[in-house]
Amino acid sequence: MKSMTGYGKATVNRDNKELTIELKSVNHRFLDISLKTPRAFIAHEDIIRNGLSKGLARGHIDVFVNFSNNGSSEKTVKVDLELARGYVNCVKQLSEVFPELHNDFNLNALMRSGEVLSLQQVEEDETLIREMLTEAVESAVCNLNAMRETEGNSLRNDLLLKIDNVENLLNKVKIYVPLVSEQYRDKLKARVSDALQGVEIDENKLINEVCFFTDKSCVDEEITRLESHIARARELLGLNEPVGRKLDFLIQEFNRETNTICSKSSYLDLTNVALEMKNEIEKIREQIQNIE
């Protein structure tokens, strides 16, 4: 099991070229990739996205790419000979028209003339760049997943403890459930006795009323479903695959059953335990948001 937060970095060196990829991951419902790459790498974004999709299921991923060529210069000087000839011819014509002016036009002046010399970006070996990208992305994802798995194992242990707490509280609920009917019967009998002031109570009607109340407040189904959900949660936490979405749905069912128990309860101790369960379930829900 993996967390969705982490950091991974990888550097690849080939032919005096260095490519570094850094990955920063945080929580997100889906796989959301944000690329921050040099302009020259826009054509190779497919390699980055495909590599991330293979190794990651969910999370917002910030991708930082840095590239440097430590060998020959990445730029070269280009001479526009036709333009240079044009400047020279123009100078000759001006000299003929204005012979009285001193002609100090030389090679340095020609080189400084606009656009005679220009810097050109040397094109990198596209095949080599794509190979370096593929290797760097794979290594960075591996390093990111190593950190996410370490944190995921800690989350698993914490969630298992919280699920144990929910189960312990549910066992308390099962102890209090039979007392609900007894408490209701005693209170009802006391109220009726006070109202009738010594008149004999019809036990059959009292029993029917208690049975009706017991049926209405019965939470056996909710308890059974919660026990099933607890078993399923433990099963999912034992899997070595992305289970965040499944757990997120399952914890909604935890909440649904616990809310029903609270709404049906008229016994203070039972209500308090159910509220403790809700609090523990909320802690689980918050932690699950971090799971891939």
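Please treat every number below as a calculation from the coordinates, not as lab data. These numbers come from a predicted model, not from an experiment. Positions of Cβ are backbone-derived with ideal geometry, glycine not excepted, and every protein chain shown enters the neighbour counts.
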How far, in nm, would the chain grow between residue 49 and residue 27 when pulled straight, counting 0.36 nm per residue and subtracting the alpha carbon separation? 6.1 nm
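Among rounded, prolate and oblate, which fits segment 15-83 when a ≥ b ≥ c are the square roots of the eigenvalues of its C-alpha gyration tensor, a/c under 1.5 means rounded, and a/b larger than b/c means prolate?
Prolate shape, in that a/c is at least 1.5 and a/b is the bigger ratio.
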Distance in nm between pseudo-label sites at residue 259 and residue 78 (7 Å out along the Cβ direction from Cα): 6.7 nm
At 0.36 nm per residue, minus the direct Cα-Cα distance, what do residue 20 and residue 39 gain on full extension? Give it in nm, one decimal, please. 5.3 nm
Segment 227-276 and segment 128-168: distance between their alpha carbon centers, rounded to Å: 25 Å
Say the cut-off is 26 Å between C-alpha atoms; which of 9/54; 24/278; 174/278; 24/162 go over it? 24/278; 24/162
Restrict the search to segment 1-74; then list the trypsin sites (Lys or Arg not before Pro) that DSSP places in a loop and that have at most 16 other Cβ atoms within 10 Å of their Cβ. 29
